[in-house]
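Undergrad: One structure, as structure tokens, below. Some questions next.
The values are calculated or read from the model by the stated rules, or taken from the named source; none is laboratory data. Computed from a predicted model, the values in this text were never measured in an experiment. When we count neighbours, we look across all protein chains shown, and the Cβ atoms used for this are built from the backbone with ideal geometry, even at glycine. All accessible areas refer to the heavy atoms of the entire protein, side chains included, with ligands and DNA or RNA removed. Shrake-Rupley method; radii C 1.70, N 1.55, O 1.52, S 1.80 Å.
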Amino acid sequence: MQAARGAKIYDAQCAICHGASGQGTREGPAVVGKDALPLDPRPNQKLRKNQFKTALDVAQFVTTNMPPKNPGSLKESDYWDILSFDLKANGVAVAGKHIDATSAADIKLH
Ligand code: HEC
């Protein structure tokens, strides 16, 4: 299942800064929970300039900026798997949906 695959990749590549449950750490903002993925970048953010209206907006930011030391270093399918995991963790209904550029564009976050 895509979200389960994504959870494993998240653990290996992202959790060190975003927290084991996506709660955020001093090294990176929350990606799970009520403060996660806000429409506008937080005032202290340097990298993000775009709004997160849809899941595709998140993907566009992540694939070009994450992980910060080596942006774009994951396989494209790995990024979609992580997004599937992250949406599910945030209670977005993704059951039975394969997350890719087409489906992500239709998932409204704000
Ligand atoms: C070395 C620490 C680090 C790692 C590893 C890392 N991130 Fe980040 N991440 C950050 C920081 C710092 C920001 C805030 C960037 C900015 O200034 O806009 C961020 C921002 C984000 C955001 C946007 C959050 C928001 O509210 O704007 C997402 C989504 C995200 N990261 C996902 C990931 C994913 C997925 C991975 C793994 C592939 C990952 N990150 C790996 C540090 C990290």
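Undergrad: Taking segment 12-30 only, how many residues are surrounded by fewer than 13 Cβ atoms within 10 Å (Cβ to Cβ) and part of a helix (DSSP H, G or I)?
TA: Matching residues across segment 12-30 total 1.
Undergrad: Scanning for something free of Cβ contacts under 8 Å to residues at least 24 places away in the same chain, open to solvent by less than 30 Å² (accessible area, probe 1.4 Å) and either in a helix (DSSP H, G or I) or more than 11 Å from the ligand (Cβ to nearest atom) (or both), does segment 85-100 turn up at least one residue?
TA: Taking every residue of segment 85-100 in turn, none turns out to be free of Cβ contacts under 8 Å to residues at least 24 places away in the same chain, open to solvent by less than 30 Å² (accessible area, probe 1.4 Å) and either in a helix (DSSP H, G or I) or more than 11 Å from the ligand (Cβ to nearest atom) (or both).
Undergrad: I'd like the full set of residues that are charged (D, E, K, R) and either under 10 Å from the mean Cα position of the chain (by Cα) or open to solvent by 30 Å² or more (accessible area, probe 1.4 Å) (or both), limited to segment 31-71.
TA: Those that are charged (D, E, K, R) and either under 10 Å from the mean Cα position of the chain (by Cα) or open to solvent by 30 Å² or more (accessible area, probe 1.4 Å) (or both): 34, 35, 40, 42, 46, 49, 53, 57, 69.
Undergrad: Here is a further query. Being in a loop (DSSP other than H, G, I, E, B), in contact with a helix residue (DSSP H, G or I) (Cβ under 8 Å, 6 or more places away or on another chain) and open to solvent by 60 Å² or more (accessible area, probe 1.4 Å) is the requirement here; does residue 74 meet it?
TA: No: the conditions fail for residue 74.
Undergrad: Residues of segment 17-49 being within 9 Å of the ligand (Cβ to nearest atom) and either touching a Ser or Thr at 6+ places or on another chain (Cβ under 8 Å) or closer than 14 Å to residue 65 by Cα (or both), which ones?
TA: Those that are within 9 Å of the ligand (Cβ to nearest atom) and either touching a Ser or Thr at 6+ places or on another chain (Cβ under 8 Å) or closer than 14 Å to residue 65 by Cα (or both): 17, 18, 28, 29, 41, 45, 46, 47, 48, 49.
Let's see how each residue does on (1) among the basic types (Lys, Arg); (2) in contact with a strand residue (DSSP E or B) (Cβ under 7 Å, 6 or more places away or on another chain):
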{"residue": "46", "(1), (2)": "yes, no"}
{"residue": "62", "(1), (2)": "no, no"}
{"residue": "77", "(1), (2)": "no, no"}
{"residue": "105", "(1), (2)": "no, yes"}
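Undergrad: If the Cβ limit is 8 Å and pairs must be 6+ apart or interchain, which residue in segment 2-23 that is acidic (Asp, Glu) pairs with which residue that is modelled with pLDDT of 95 or more?
TA: Listed by first residue and then by second, the contacts come to 11/20.
Undergrad: Going residue by residue through segment 48-59, is there one that turns out to be among the acidic types (Asp, Glu), assigned to a helix (DSSP H, G or I) and closer than 15 Å to residue 81 by Cβ?
TA: no
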